[in-house]
Amino acid sequence: MPSLFASYLRVYEPLTAFDRERQVFWRRYVREGRAVAPLEGPVRQRTAVIEALGAGWTRLPDLPEEAYVLETDDTLLVCPWNLRVRVAEAALSARDGVPSVLADAFVPPILAGQAKAVIDDWRSGARVLEHGVPRVHEQIATWGVPLRWFVFIDAEERELTLRPGGRALRYRTEISKARRRASRGLSVLRKSVGDAPITQAVEEGARWLEEFHPRSVVELDYGGLVDLLDDETLEADDSPRLVATGLAGLSRGNSEAATKAYETLVARWRDVQLRERRN
């Protein structure tokens with residue numbers, strides 16, 4: 001299956017963030033070599049969702065628990081996939097905006113009911129944000145990187161690999177740093193542009209980050225987008241620096257510098273988004 005042209009914002013939590021049963025499970029999971037590499041994960045996730053929805057269309061299967069894992073010298077960090085929730089969301093999304101006759105043909109009511117029950121159970125059992133959004137460890141954006149994500153990371157945290165078969169561009173940072181950047185960025189945006197959509201988006205991201213363990217790691221991964229960009233473009237990409245420049249301009253009242261940085265970013269990622277229409 002070809003790459004999914006999507007980017008990912010993930011949070012890896014230390015084992016201490018999980019209950020004792022989950023800690024034992026994830027230790028065994030890693031010890032048995034079952035952890036999935038980020039380069040392989042998106043395709044495996046998509047395959048699992050498609051196969052689950054195609055298996056008779058009458059039930060939601062019990063999917064295996066999978067995760068991305070980071071191992072440091074003294075810490076094991078885990079980013080769970082929550083596949084069953086993803087399948088349930090996909091089942092309900094397939095019915096959205098579709099006439100009931102067609103919706104029932106694709107996702108029968110019995111399957112939709114099970115999917116809704118899974119989502120309801122997840123929402124009631126998970127820690128939630130102020131507005132009732134359940135904690136998930138991975139956010140996904142197709143055909144681009146949301147500009148607000150760049151607020152949380154720094155250009156110097158980039159990890160770039162250009163070897164054939166393993167091309168990747170990602171940023172990793174301590175969640176404490178991501179939270180401080182989110183707070184500073186939010187303060188600048190509130191003072192300069194008020195309650196604009198970008199302010200609301202950064203605020204939502206800041207609340208999401210607050211849900212996780214203070215020793216977590218945040219990762220912004222370009223994922224399959226690297227297949228749309230050549231090596232030279234990846235090496236030259238300075239999107240986090242442009243966002244920082246724009247925020248700095250706003251904080252100083254230099255709207256010209258902020259506008260220039262913003263327009264450069266929008267033009268850069270518009271070229272990627274236009275490929276979706278051509279596909």
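The values are calculated or read from the model by the stated rules, or taken from the named source; none is laboratory data. All values reported here derive from a predicted model rather than from experimental measurement. When we count neighbours, we look across all protein chains shown, and the Cβ atoms used for this are built from the backbone with ideal geometry, even at glycine. Accessible surface areas use protein heavy atoms only, side chains included; no ligands, DNA or RNA. Shrake-Rupley method; radii C 1.70, N 1.55, O 1.52, S 1.80 Å.
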query: Just to be sure, is residue 255 over 21 Å from the mean Cα position of the chain (by Cα), polar (S, T, N, Q) and at pLDDT below 90?
result: yes
query: When residues of the range 162-183 are filtered for being among the small types (Gly, Ala, Ser) and part of a helix (DSSP H, G or I), how many remain?
result: 4
- prompt: Can you name every residue in the range 246-263 that is assigned to a helix (DSSP H, G or I), more than 14 Å from residue 181 (Cβ to Cβ) and either of a type outside the set (Lys, Arg) or out of contact with any Ser or Thr (no Cβ under 9 Å at 6 or more places or on another chain) (or both)?
  reply: 249, 250, 255, 256, 257, 258, 259, 261, 262, 263
field: Matching residues, the range 1-39, being without any contact (Cβ under 8 Å) to a residue 12 or more places away in the chain and outside any loop (DSSP other than H, G, I, E, B)
entry: 20, 21, 22, 23, 24, 28, 31
- request: Exactly one condition in (1) within 26 Å of residue 171 (Cα to Cα); (2) out of contact with any strand residue (DSSP E or B) (no Cβ under 6 Å at 6 or more places or on another chain); (3) at pLDDT 90 or above is not met by residue 14; state its number.
  value: (2)
message: Let me spell it out: the conditions are (1) within 19 Å of the chain's Cα centre (by Cα); (2) open to solvent by less than 10 Å² (accessible area, probe 1.4 Å); (3) within 16 Å of residue 163 (Cα to Cα), and residue 218 meets all of them except one. Which number is the exception?
response: (3)
Checklist (1) at pLDDT 95 or above; (2) of a type in the set (A, V, I, L, M); (3) open to solvent by 60 Å² or more (accessible area, probe 1.4 Å) applied to residue 198, failing item: (1)
- line: Here the residues within the range 191-206 that are farther than 18 Å from residue 140 by Cβ and either touching a His at 6+ places or on another chain (Cβ under 7 Å) or of a type in the set (D, E, K, R) (or both) are 191, 195, 203
message: Restricting to the range 40-98, give me the number of residues that are modelled with pLDDT of 80 or more, of a type in the set (D, E, K, R) and not in a loop (DSSP other than H, G, I, E, B).
response: 2
message: Within the range 103-135, take every residue that is surrounded by fewer than 12 Cβ atoms within 10 Å (Cβ to Cβ) and farther than 18 Å from residue 62 by Cβ and give me the one that is modelled with the highest pLDDT.
response: 109
- prompt: Has the range 197-213 got any residue that is farther than 27 Å from residue 233 by Cα, touching a Leu at 6+ places or on another chain (Cβ under 8 Å), among the aromatic types (Phe, Trp, Tyr) and not in a strand (DSSP E or B)?
  reply: yes
message: Looking at 209, 169, 234 in this structure, which one is of a type outside the set (Phe, Trp, Tyr), open to solvent by less than 60 Å² (accessible area, probe 1.4 Å), farther than 23 Å from residue 66 by Cα and in contact (Cβ under 8 Å) with a residue 60 or more places away in the chain?
response: 234
field: Identity of the residue in the range 234-245, part of a helix (DSSP H, G or I) and in contact with a helix residue (DSSP H, G or I) (Cβ under 9 Å, 6 or more places away or on another chain), that ends up farthest from residue 158 (Cα to Cα)
entry: 245
